[in-house]
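Accompanying notes for the structure given below.
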Amino acid sequence: MLAEAGSETAELSSAELRALVCDALGKLEKVKERKKVLILPPDHTRLHSRAGELTRMVYEYYGSYVADIMPALGTHKPMTDEQLSGMFGTYIPKSLFRVHDWRNDVVQVGEVPQSLVESASEGKVKEPWPAQLNKLVWEGGHDLVISIGQVVPHEVMGMANYNKNLFVGVGGPEAIHLSHFVGAVYGMERMMGRADNPLRKILDYATEHFLKGKLPVVYMHTVIANQGGELVTRGLYISEERDCFEKAAALSLRVNFQLLDEPIAKVVAFLDPDEFTSTWLGNKSIYRTRMAIADGGELIVLAPAVEKFGEDAEIDAVIREHGYRSTPEIMRFLENSRSLMRNLSAAAHLIHGTSEGRFKITYCPGKLSKEEVESVGYSYGDLDAMMKKYDPTQLKDGFNMVDGEKIFFVSKPALGLWGYKGRFDHGDDGAAAEGTTTAEGAAAKGGSKAAQGEGAAAVATKTIETTSEGTAAGAKAIEAAATRFSSSMDASKPSADAGIGGGPFQHSSGLEDESEKERQEDAKDAAEPAVKKQKTETSEHD
């Protein structure tokens, strides 16, 4: 670890952050002088990460030795000059900023074996994973690459940052599409808040086998908390190794994950217009609150700047074509849609963006019509009326009373994760034993006493189990669909919530009406002889 500071109560100032950055970079310089530096910060959609400030500090330290700064856009559109100035200030020359073209300007640096991907995804994805990076990152001849970002619960990666900033943030289309799909089919609620998960195993393999000794990367990870509507920096961890991610993830769980004593009947989430202009980004309001919303409840999304569905024109068209439908419907669409098959990250996004019929989603966009919103499967709310009733400037984060109704307000959905305690099992065995990083596990790896803290995060990272009846039957039907992106799932059947891999909920509506014959057929399909499965796979290649 080059530098570290953080706790659940820490409030790191700019001066403290600067001291930590200078200390870490000073240690690097003692080993080797760096003369060509590349900085990889996030884009403006992570405005509150303090990455803009850290980027300025690194630039001030290295000066003319900073050759390139490339915001890790992933699939997002390039930042405007105004957005660059708003996040990074005006001190850094605009001429240093590079745009990551995720569809064209990439190179494959290796391939994670199919066997590892299949094992990590519990047999649901049977494809090798191509590790891709922007050409400038891989071929630019930099003697230092500084990857900056915030560690926070994430719907695709479990916890954001570390090697995600490289393989997804400045990665290519095949890598991004498949990584999102792996996360979706494994199950979003099984991923969120977990530093170790199937997708992280895949990226860790790529880091160990393709980057070590070839790309001189240093990671700077912040942990940010929302304290009464004010953002505070709880931690900064800097390292060339994974330990900074483990410690940041452990701290993030304790400050960013809120477990509630009761499920919420109505959640109102506000999307900052400076950050969210699409449902692709704005659906964090769904991902981060869904584990807290009651069956039959409602999520109202106040989205004054949302004007489109996808950040990318092609993905926007795919979302408009298919909509946010149930998991089995999306899996069925994959069989017949070339556009969806070419954009698996969009398929994953559509799976993530549905409530699977468990609760109502009402979108109140400032720049999309009622017809557009309803065409993709959401209910429409008039923004002006909803903003007047649920005034973000008057509501406090958490429970509020509005016209005699109890609602839960979330001002910054991207900074947290919320869940109902009753959805979680408090036992000691389970996922953690399978290698899922818990707060305790991270502490054991990283040696952080702080990571051993008890409370909501420690409870939340233990075994997550479904509690509804019929779970086993539903799982059998889901398992039967594990093929090479092909599924014979009946879209009329119930599905596990948010991903064919399941989650802490089982959407059980209709399970009790499933006939015994259907149950037996599902079980038979799931247990068909390996030789039959092999023949099926062979025929798929013919």
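The values are calculated or read from the model by the stated rules, or taken from the named source; none is laboratory data. Here the structure is a predicted model, which means the values were calculated and not measured. Positions of Cβ are generated from backbone atoms using ideal geometry, with glycine treated the same way; all protein chains shown enter the neighbour counts. Please note that ligands, DNA and RNA were not included when accessible areas were found on the heavy atoms of the full protein model with its side chains. Shrake-Rupley method; radii C 1.70, N 1.55, O 1.52, S 1.80 Å.
If the chain linking residue 94 and residue 232 were pulled fully straight, counting 0.36 nm for each residue of separation and taking away their Cα-Cα distance, it would gain 46.9 nm.
Ranked by the mean number of other Cβ atoms within 10 Å of their residues, highest first, the peptides 379-385, 146-152, 90-96 come out as 146-152, 379-385, 90-96.
If you take the Cα atoms of region 3-256, find Rg, then find the Kirkwood Rh from the mean of 1/r over all pairs, what is Rg/Rh?
Checking Rg against Rh, the ratio lands at 0.95.
Placing a pseudo-label 7 Å from each Cα along the Cα-to-Cβ vector at residue 104 and residue 338 gives an inter-label distance of 2.1 nm.
If a/c stays under 1.5 just call it rounded; otherwise compare a/b with b/c (prolate if a/b is bigger, oblate if not). Do that for region 350-410, with a ≥ b ≥ c from the square roots of the Cα gyration tensor eigenvalues. Verdict is oblate for region 350-410.
Per residue, region 264-423 exposes 35 Å² of solvent-accessible protein surface, assessed with a 1.4 angstrom probe and all protein chains in place. In this structure region 3-256 gives 33 Å² per residue of accessible area when probed at 1.4 Å with all protein chains present. Placing a label point 7 Å from the Cα of residue 388 along the Cα-to-Cβ direction, no residue of region 302-337 has its backbone N under 16 Å from that point. Assign one of three labels to region 282-384, namely rounded, prolate or oblate, based on the Cα gyration tensor with a ≥ b ≥ c the square roots of its eigenvalues; rounded applies when a/c is under 1.5, prolate when it is not and a/b is larger than b/c, and oblate otherwise. It is oblate, given that a/c is not under 1.5 and a/b is not larger than b/c. Packing, as the average of other Cβ atoms within 10 Å across residues, places the peptides 391-402, 159-170, 313-324 in the order 159-170, 313-324, 391-402, highest first. Report note on the peptides 363-373, 23-33: ranked by the mean count of other C-beta atoms within 10 Å, highest first, their order is 363-373, 23-33.
With a ≥ b ≥ c taken as the square roots of the eigenvalues of the C-alpha gyration tensor of region 6-104, please select rounded if a/c is under 1.5 and otherwise prolate if a/b is larger than b/c or oblate if it is not? Could you put the intermediate results ahead of the total?
Numbers: a/c = 1.87, a/b = 1.25, b/c = 1.50.
Taking the square roots of the gyration eigenvalues as a ≥ b ≥ c, region 6-104 is oblate.
Listed values for region 2-10 are Karplus-derived 3J(HN,Hα) couplings in whole Hz (6.51 cos²θ - 1.76 cosθ + 1.60, θ = phi - 60°), namely 7, 6, 7, 6, x, 6, 5, 10, 5, and x replaces Gly and Pro.
Carbon-plus-sulfur fraction of the accessible area of region 3-256, 1.4 Å probe, in percent?
It is 47 percent, rounded to a whole number.
Relative contact order, whole percent, for region 264-423 stands at 33, derived from Cα pairs under 8 Å and 6 or more residues apart.
Taking 0.36 nm per residue of separation and subtracting the Cα-Cα distance, what length does fully extending residue 314 through residue 15 add?
Difference between extended and current length: 103.3 nm.
Legend: distances between Cα atoms for 27/212; 77/164; 35/135; 201/247; 360/389; 32/94; pairs beyond 24 Å are 32/94.
Model label points for residue 370 and residue 274, set 7 angstrom from Cα along the Cα-to-Cβ axis, are 3.3 nm apart.
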